[in-house]
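First up is the structure itself, then whatever we jot down about it.
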Amino acid sequence: MHERTIGRPGTDRDPFETLVDVLTAATRYDLVLGIVPLAFTVALVVAHVAGVPLAWALALAAVVGLTAIADAVFLHPPVDQEVTDRSPTTQRPRERDRPT
């Protein structure tokens, strides 16, 4: 029997290259969303290894996650690229602004 790989036929990619491609395609907001579970995972490990009370570690992780989300939503919100790419010189004139 012949085994076939799932994905693109004929491409044998290194897993490290695939990881690099995924990380370079990630946006700022993808990374912000990754901070939240990472903060809680680190908090659980620190609470277990260092003997820090679990409630304190989870509270600190919640503050870190809340800060990351608040930064992404309120301080640096996502903007519509179509709106930011248009400059006043490239905008199409509105119907009422067109000469008659």
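For segment 61-74, a residue qualifies if it is β-branched (Val, Ile, Thr) and either open to solvent by less than 70 Å² (accessible area, probe 1.4 Å) or not in a helix (DSSP H, G or I) (or both), and the qualifying residues are Val64, Ile69. Among the conditions (1) in a loop (DSSP other than H, G, I, E, B); (2) modelled with pLDDT under 85, the only one that Pro77 does not satisfy is (2). Mind checking which residues of segment 29-60 are exposed (fewer than 11 other Cβ atoms within 10 Å of the Cβ) and assigned to a helix (DSSP H, G or I)? Listed by number, the residues that qualify are Val49, Ala50, Ala55.
Listed here are the residues, each with its yes/no results for (1) among the acidic types (Asp, Glu); (2) at pLDDT 90 or above.
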{"residue": "Asp21", "(1), (2)": "yes, no"}
{"residue": "Arg28", "(1), (2)": "no, no"}
{"residue": "Ile35", "(1), (2)": "no, yes"}
{"residue": "Ala39", "(1), (2)": "no, yes"}
{"residue": "Val46", "(1), (2)": "no, yes"}
{"residue": "Ala55", "(1), (2)": "no, yes"}
{"residue": "Leu58", "(1), (2)": "no, yes"}
{"residue": "Ala72", "(1), (2)": "no, yes"}
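The values are calculated or read from the model by the stated rules, or taken from the named source; none is laboratory data. Computed from a predicted structure; not experimentally measured. Neighbour counts are summed over all protein chains in view; Cβ atoms, including those assigned to glycine, are modelled from backbone coordinates with ideal geometry. Just so you know, the surface numbers come from the protein's heavy atoms only, side chains and all, with ligands and any DNA or RNA stripped out. Shrake-Rupley method; radii C 1.70, N 1.55, O 1.52, S 1.80 Å.
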